[in-house]
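Nothing in this text is a laboratory measurement; each read-out follows from the coordinates by a stated rule. Given the structure is predicted, the values throughout are model-derived calculations rather than measurements. Here the Cβ positions follow ideal geometry from the backbone for every residue, glycine too, while neighbour counts run over all protein chains shown.
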């Protein structure tokens, strides 16, 4: 067995499909399929069974995954130890982040890291869902939470404040009319969904969105009110706060990684970079902007 073949197998085992493994490794689908077939031939046993929902590991596949994962940990530990002796930073770094952050306030920070460390191949992957760092679906996760998993380590980057926003035109009309506000139905994340249910318990929504960037676009069209992180709402000239931020809606912004990666130099370098970068934008994240107009 060769380590490269095991890397291919682990990628498919973790992603649940050959196409997913190919995307993870940035290689052709045919290459992954060929390497897997050769590995099964060399071992003389089936490692994967095709199911309607994707690929499932056989008993031999499960055993190989455990063994290969242990080998991977040894490799990462060795890489981390040697990396501290080398002045050059290189290798792949997979970072998963929330879409509305990755495509806006975080992107310049990522760009500056990439420019400062050209030897690192930075992969930014957006997801609002759970990503298993233990299964190496990503090296680092940047997440909004007040309860990070205790199996992970990392750093709290800052506090992210949120409040209610609407378009300037809509809020002017709303305050002049004295009518009850219209609320967008949102399902971009559990936080915004639950907060909206509390604010609008009758669930009388005419317009629904399932992504924060869509929420911004709908608010710009004067379709009602919705919760947004202050770093998004305050940066949009067409939007205005309906009320001041409430600290009960504050969330921690965490940079998280698996303990097995704590000695990896590029992980630590990225961690220190993001701590410094986010500290420079703390006021925007924390909603420390001039007071909004009177709440209704």
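Among beta bridges identified by DSSP and lying wholly in the chain, the antiparallel ones come to about 65 percent.
FRET efficiency for residue 279 and residue 58, Cβ-Cβ distance as r, R0 = 35 Å, nearest 0.05?
Efficiency for this residue pair is about 0.10.
State the Cα centre-to-centre distance between segment 226-245 and segment 155-175 in whole Å. So the separation of the two Cα centres works out to 3 Å.
In nm, what is the difference between 0.36 nm times the number of residues separating residue 66 and residue 235 and their Cα-Cα distance?
56.1 nm
Available extension along the chain between residue 75 and residue 42 is 9.6 nm, counting 0.36 nm per residue and deducting the alpha carbon span. Relative to the longest principal axis of the Cα atoms of the chain, the long axis of helix 265-280 makes an angle of roughly 10 degrees. Answer rounded, prolate or oblate for segment 3-83, using the Cα gyration tensor with square roots of eigenvalues a ≥ b ≥ c: rounded when a/c is under 1.5, else prolate when a/b is larger than b/c, else oblate. It comes out prolate by the Cα gyration axes. Assign one of three labels to segment 162-249, namely rounded, prolate or oblate, based on the Cα gyration tensor with a ≥ b ≥ c the square roots of its eigenvalues; rounded applies when a/c is under 1.5, prolate when it is not and a/b is larger than b/c, and oblate otherwise. Rounded, because the longest to shortest axis ratio a/c is under 1.5. Label separation (residue 263 vs residue 103): 4.0 nm, computed from points 7 Å beyond Cα along the C-beta direction.
Run the paramagnetic zone check for residue 213: 7 angstrom along Cα to Cβ, then residues of segment 168-194 with backbone nitrogen under 19 Å. Taking a point 7 Å out along Cα→Cβ of residue 213, the residues of segment 168-194 whose backbone N falls under 19 Å are 186-190, 192.
With an 8 Å Cα cut-off and a minimum separation of 6 or more residues, compute the relative contact order for the chain in percent. Computed over the chain, the figure is 21 percent. Over the chain, the pair-distance histogram of Cα-Cα distances with 5 Å bins from zero comes to 1, 5, 10, 13, 14, 13, 11, 10, 8, 6, 5, 3, 1, 0, 0, 0 percent, rounded to whole numbers. Each of residue 190 and residue 49 was given a label point 7 Å from its Cα along the Cα-to-Cβ line. The distance between the two points is 3.2 nm.
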